[in-house]
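The values are calculated or read from the model by the stated rules, or taken from the named source; none is laboratory data. None of the values given here were measured: they were computed from a predicted structure. Note that each Cβ is placed from the backbone with ideal geometry, even for glycine, and that neighbours are counted across all protein chains shown. All accessible areas refer to the heavy atoms of the entire protein, side chains included, with ligands and DNA or RNA removed. Shrake-Rupley method; radii C 1.70, N 1.55, O 1.52, S 1.80 Å.
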Amino acid sequence: EGEKIAIGFEDAHQVSIVSGEDLAFLYSPAVTDISDGSFNSVAWSESGQFIFGAGSVRVEGTHTIRKWSEAGRGRSQDFPTAKNTILSLATLKNGGVAFGAAGASFGWMNDQDLPMFINQAALADFRDNHQGLLLSQDGSVVQFAYAQFGKEPAQFSIDTRVLSVPPPTNSSLSPPLQ
């Protein structure tokens, strides 16, 4: 233990393995298929045979945990896991890995790489939804979305205290004034 240290980066899709004795660079796991995002959180498996990396890297739109074999020198597998950036990884004694992500989601995978528990918090996502955020004239009804680009729309009425998913058609709603 401590012979090698895995380092993730906030601003690059790279992981570096350095010597635990003098911090000399040893090697980097392959990431040539990644063009965007970062592996800001990394962790060794309990056995030392695998390295897990996660952060803002996405596979098909979902933030992923990447697992490299042979202590980072072998093949990798991706496990799409969270809707938001994965902020922290912690290996488990049974060989699995736990994660915590932005947006209050968390979970873990077992030693067979199966998701055992994933909690995706239901949070509104206002990104890139310029036409989908709608209000009634008096502000008592608001329409928004749970996913980026206005996907998974919902509507909440303060008067009736009802959340409608999907929202009913309401032509009296309009975008807020700017």
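Details
- Working ranking of peptides 147-153, 67-73 by packing, defined as the average number of other Cβ atoms within 10 Å per residue, highest first, is 67-73, 147-153.
- Taking 14 Å as the straight-line reach from the Cα of LYS83, the aspartates and glutamates in range (excluding those fewer than 8 positions away in the same chain) are GLU60, ASP125, GLU152.
- Å² per residue, accessible surface of the range 1-87 at 1.4 Å: 55 Å²
- Per-q log10 I(q)/I(0), the range 40-99, q = 0.29 Å⁻¹ (Debye; single scatterer per alpha-carbon; no solvent): -1.21
- Within straight-line cross-link reach of LYS67, aspartates and glutamates at Cα separation under 12 Å, skipping those fewer than 8 residues along the same chain: ASP78, ASP111, ASP113
- Multiplying the residue separation of ALA104 and ALA24 by 0.36 nm and removing their Cα-Cα distance gives an extension gain of 25.2 nm.
- Shape category assigned to the range 133-178 from the gyration tensor of Cα positions, a/c cut at 1.5: oblate
- Of the Cα atoms belonging to the range 61-166, the radius of gyration and Dmax stand at 18.5, 61 Å.
- Share of carbon and sulfur in the accessible area of the range 66-123 stands at 54%, probe radius 1.4 Å.
- Each of THR169 and ALA147 was given a label point 7 Å from its Cα along the Cα-to-Cβ line. The distance between the two points is 2.3 nm.
- Remark on the chain: hydrodynamic radius 18.3 angstrom, per the Kirkwood mean of 1/r across alpha carbon pairs.
- Additional length obtainable on full extension of the chain from THR32 to LYS93, 0.36 nm per residue less Cα span: 18.9 nm
- Applying 1/(1 + (r/R0)^6) with R0 = 25 Å to the Cβ-Cβ distance of LEU177 and GLU10 gives a FRET efficiency near 0.10.
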